[in-house]
Amino acid sequence: MQGNEHRVDGLAGRKLMEALREFDFGVAAICGGMCSCATCHVYIDPEWLSRLQPAEPAERDLLAELRHARPNSRLSCQIDLTDALNDLALTIAPEE
Amino acid sequence: MSTLRQIVIVGGGQAAAQAVDTLRRRGYDGGLTLLSDEPHLPYQRPPLSKKFLAGSFERDRLLIRHAGFYSEHRIDVRLGYRVVQIDRDQMQVSGADGSKYDYDALLLATGSRPRRLSIEGADLQGVHYLRTIADVDRLGRELVPGRRIVIVGGGYIGLEVAATCRERGLEVTVLEMSDRLMNRVVCPEISSFYEEEHARRGVDIVCRASVQGIHGDEHGRVRSIICSDGNQYIADIVLIGVGALPNDDLAVAAGLDCANGIMVDAHCRTSDPRIYAAGDCALHRSHQCGGSVRLESVDNAFEQGTNAALAMLGESPRMPAIPWFWSDQYDLKLIIVGLSTGYDRTVLRGRPFDRSFSVCYLRDGELIAMDTINNAKDQMAARKLVGQRNRPILDRLADTSRPLRDCF
Ligand SMILES: Cc1cc2nc3c(=O)[nH]c(=O)nc-3n(C[C@H](O)[C@H](O)[C@H](O)COP(=O)(O)OP(=O)(O)OC[C@H]3O[C@@H](n4cnc5c(N)ncnc54)[C@H](O)[C@@H]3O)c2cc1C
Ligand code: FES
């Protein structure tokens, strides 16, 4: 699952992480969305990146320490899904 | 690949969910049965004392996997099913209704249960414990603003409930037996930081309080708590959070090696090679501190659930990871990385006054654990640096302008 590209649909009002958890073998999301574990790390398709709310400091700090971080890294538990994000494209990052 | 045809899992919590996920992910194709005595699919417990208790988290969001996951992956889930016996010769488990399940490999993921207080009045109406959704349903109804809740136990569950109740407008008292809060897991500096925080929020914290009995009114409803020093605390509600005991009775009865937890090796295997245990119920040898430890954390349930599944399939376990744990109280995010057992010195990184700091625990000069409070940078770095026999340079450690990784 990891490494494949996904498109996310529906589930407006939930976190992106929750939508990914619904995928077959989605993100582990060990901490359940508390911005603590980084097991919900994803790479957002660059075209979509600017359409997301920017990361809060806690998320940025966590991302900065990840081995697999890239410029388009986000923690999916920190992203609120909205209708405007239907079809959002992303890749699940490898485990740290 | 293994030749297993039927895997049975007893218990349906965090470790069980992780084990079934790993088994299917790794291509195990045979029969897979999950037997749980709760009426819910595996769910996350941490929100039970936090967001879910606060009422700001919908019930279906607690589930670790949605119902479709189990049917898509042909996992035969029996809810409300209590396993009462393991027959190791027949390789069968039996349920309270007398039905039996055969296994080639068995995973015990039975978790733990709150330690009960055996004092007078502990069974009065209005006295609560917190472990399950059902417990929150009972307790949640009682949390009416203005009522008085007395929490017995100043561990992380008691304190999280204290924070949630305070935010919901209740009058809160915490009675802690030892001389400080969370005394089993954090150093005195962090205990006092939390004590001050709770006091500032209006929680009445009483340490060295030895609870002697609970008194009720004529309707059998709790009215007050009495301590052995004679002090009495008026209570509309009582929550008891004085630790947990492993659910190892099935294993004990089946003759597996247990010692306040089911003993397992690095593959999560018990003294019977066909039976595995994972999560709160399991006792393992820690590669970090040498001794036997039983951890109660999501991280541990996740790691052991994965390792038990891998071992069943004949694969090697994951790299031993440094255990970690979190607790959320108010806007404070405490993350504990590593095991601080036997530390001989601590170094403070940052100022508690800023509400973002860390404490480093050292033993013989090595960084063995770290507690971080609202400090995402340090906590992620700590997960890579703690417990690796790294020797930090002390005055660098205290210098917060240096990233943690540059302190060695
Ligand atoms: C209120 C609360 C807050 C917490 N907060 C945190 C936190 O912030 N961070 C953290 O890391 N950890 C936290 N924890 C701890 C964490 O939830 C546990 O460590 C974790 O759930 C352990 O998973 P498990 O699978 O071992 O056990 P459990 O999740 O307890 O699952 C065991 C299941 O097995 C069932 N069972 C037991 N015996 C039988 C039987 N004979 N037959 C059938 N079923 C059986 C039980 O009913 C239960 O459903 C918290 C726990 C609680 C209670
Ligand atoms: S789920 Fe843990 S950080 Fe996102």
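Numbers below:
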read-out: Calculated FRET value between residue B:345 and residue B:179, using beta carbons and R₀ = 25 Å, to 0.05; value: 0.75
read-out: Cross-link reach list, aspartates and glutamates versus residue B:100, counting only Cα pairs under 12 Å and skipping chain neighbours closer than eight places; value: B:87
read-out: Bins of 10 Å, starting at 0 and running to the largest distance - Cα pair percent for region A:1-91; value: 18, 57, 25, 0
read-out: For region B:331-407: span of alpha carbons on each principal axis (Å, largest first); value: 33, 23, 20
read-out: Whether the protein assembly as shown is rounded, prolate or oblate, judged on the alpha carbon gyration tensor where a/c under 1.5 counts as rounded; value: rounded
read-out: Summed buried accessible area for A+B [probe radius 1.4 Å, Å², rounded to 100]; value: 2600 Å²
read-out: Set of aspartates and glutamates near residue B:384 by C-alpha distance (under 12 Å), chain-local residues within fewer than 8 positions excluded; value: A:65, A:96
read-out: Using a Förster distance of 35 Å, the FRET efficiency for residue B:354-residue B:120 (Cβ separation, nearest 0.05); value: 0.15
read-out: J(HN,Hα) series, region B:371-379, from Karplus relation 6.51 cos²θ - 1.76 cosθ + 1.60, nearest Hz, glycine and proline x; value: 10, 10, 10, 6, 9, 4, 4, 4, 5
read-out: Helix-only CD estimate at 222 nm, as mean residue ellipticity for chain B, using -39500 (n - 2.57) per DSSP H run (n ≥ 4); value: -6500 deg cm²/dmol
read-out: For chain B: relative contact order, % (alpha-carbon pairs under 8 angstrom, 6 or more apart); value: 14 percent
read-out: Solvent-accessible area, 1.4 Å probe, carbon plus sulfur percent, for region B:118-240; value: 45 percent
read-out: Cross-link reach list, lysines versus residue B:51, counting only Cα pairs under 28 Å and skipping chain neighbours closer than eight places; value: A:15, B:333, B:377
read-out: Label-point separation in nm, residue A:66 to residue B:229, each point 7 Å along Cα→Cβ; value: 4.9 nm
read-out: Heavy-atom accessible area order for B:33, B:346, largest first, 1.4 Å probe; value: B:346, B:33
read-out: Whole-Hz ³J(HN,Hα) from phi, Karplus 6.51 cos²θ - 1.76 cosθ + 1.60, for region B:253-258, glycine and proline x; value: 4, 7, x, 6, 5, 9
read-out: 14 Å beta-carbon shell around residue B:12, net charge (K/R +1, D/E -1); value: 0
read-out: For chain B: rounded, prolate or oblate by the Cα gyration tensor [a/c cutoff 1.5]; value: oblate
read-out: Net lengthening on full extension, residue B:137/residue B:388 (0.36 nm per residue, minus Cα-Cα); value: 86.1 nm
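The values are calculated or read from the model by the stated rules, or taken from the named source; none is laboratory data. Nothing here was measured: the structure is a model prediction, and the numbers come from that model. Every residue, glycine as well, gets a Cβ built from its backbone with ideal geometry; the counts of neighbours run over all protein chains shown. These accessible areas exclude ligands, DNA and RNA; they are computed on the full protein's heavy atoms, side chains included. Shrake-Rupley method; radii C 1.70, N 1.55, O 1.52, S 1.80 Å.
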